[in-house]
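Below is one structure; the comments refer to it alone.
The values are calculated or read from the model by the stated rules, or taken from the named source; none is laboratory data. Source: prediction; values computed, not measured. Cβ placement follows ideal geometry from the backbone for every residue including glycine, while neighbour counts extend to all protein chains displayed.
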Amino acid sequence: MPDPNELLLLSIEAVPADYELGGIVVVSHVRAVNILRDFREMLTNVTGGHMKRYEALLKEALDEVESRFRSELIIRGYDGAVGVRIAHPQVVGGGAELIMYGTGIKLRL
């Protein structure tokens, strides 16, 4: 089984010469925050300042969605993806929603 960290993830639209185009891969992740963290961030939003807890929440959600995306590529037999995008990276209603998508590519043998 390939190492997920060695998969090629590119934001470019063109397929590298040694690869063939596959299908689209979409993964989503919604991560909830606890009520105390949400309340503290609401206070920070009112008074101003760095929203560290929400920033950490987004980082955790990004790490998870990328891990799931890489796993899905492996499950489908791809060696990487092109046109990789992350959509809706935002905190909504006490949670972070992320969607990662791209087109799978496979190394030509």
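Test Arg68 against the criterion of being at pLDDT below 95, surrounded by fewer than 19 Cβ atoms within 10 Å (Cβ to Cβ), not aliphatic (A, V, I, L, M) and not in a strand (DSSP E or B), and give yes or no. The answer is no for Arg68.
The condition of being modelled with pLDDT under 95 and part of a strand (DSSP E or B) holds for only one of Leu109, Leu57, Leu98, that being Leu98. Of all residues in the range 3-53, those that are among the hydroxyl-bearing types (Ser, Thr, Tyr) and modelled with pLDDT of 75 or more total 3.
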